[in-house]
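Chemist: Provided herewith is a single structure, encoded as structure tokens, for subsequent inquiry.
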Amino acid sequence: MKLAELNELAIAEHLVCWSCRSENWFLGNWGPHPGGLSLEGFKEPQWVFLSCQECGYDTSFGKWKLSKAALAQIEAIRYANRKKDS
Ligand SMILES: [Zn+2]
């Protein structure tokens with residue numbers, strides 16, 4: 001999965017900002033983290049934050065209640081899970 005696809009996932013899930021109730025997110029920040037996600041174009045797993053376009057609230061995917069399908073997508077690229085497989 002690519003970074004931009006994570007953003008699309010957030011929008012498709014209709015995730016609501018806990019602060020202002022907006023559903024408009026953009027990828028605010030990301031950086032290497034051992035508990036992060038394996039994303040195309042990055043050598044190290046990335047911890048990704050989404051930012052609310054309306055109020056600037058930052059959140060990570062781990063804090064959300066995602067649908068089962070979306071959760072499966074996230075778990076499939078979680079770095080810790082991949083290490084167990086190989
Ligand atoms: Zn907000």
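Chemist: Looking at region 50-63, can you tell me whether even one residue there is in a helix (DSSP H, G or I) and among the hydrophobic types (A, V, I, L, M, F, W, C)?
Modeler: Yes, some residue in region 50-63 is in a helix (DSSP H, G or I) and among the hydrophobic types (A, V, I, L, M, F, W, C).
Chemist: I'm trying to understand the selection: among the residues of region 25-44, which are surrounded by 13 or more Cβ atoms within 10 Å (Cβ to Cβ) and under 21 Å from Ala69 (Cα atoms)?
Modeler: Matches in region 25-44: Trp25, Leu27, Gly36, Leu37, Ser38, Leu39.
Chemist: For region 4-25, check the following and say yes or no: at least one residue is within 16 Å of the ligand (Cβ to nearest atom), without any contact (Cβ under 8 Å) to a residue 60 or more places away in the chain and in contact with a helix residue (DSSP H, G or I) (Cβ under 6 Å, 6 or more places away or on another chain).
Modeler: yes
Chemist: Taking region 35-80, which residues are of a type in the set (Asp, Glu) and within 16 Å of the ligand (Cβ to nearest atom)?
Modeler: Step one: of region 35-80, the residues of a type in the set (Asp, Glu) are 40, 44, 54, 58, 75.
Passing the criteria: Glu54, Asp58.
Chemist: Here is a further query. For region 1-21: of the residues being part of a loop (DSSP other than H, G, I, E, B) and not charged (D, E, K, R), which is farthest from Cys52 (Cα to Cα)?
Modeler: Only one residue tops the list, namely Met1.
Any read-out appearing in this document is the output of simple, stated calculations on the displayed coordinates, not a laboratory observation. As the structure is a computational prediction, the values presented were derived from the model and not from experiment. Positions of Cβ are generated from backbone atoms using ideal geometry, with glycine treated the same way; all protein chains shown enter the neighbour counts.
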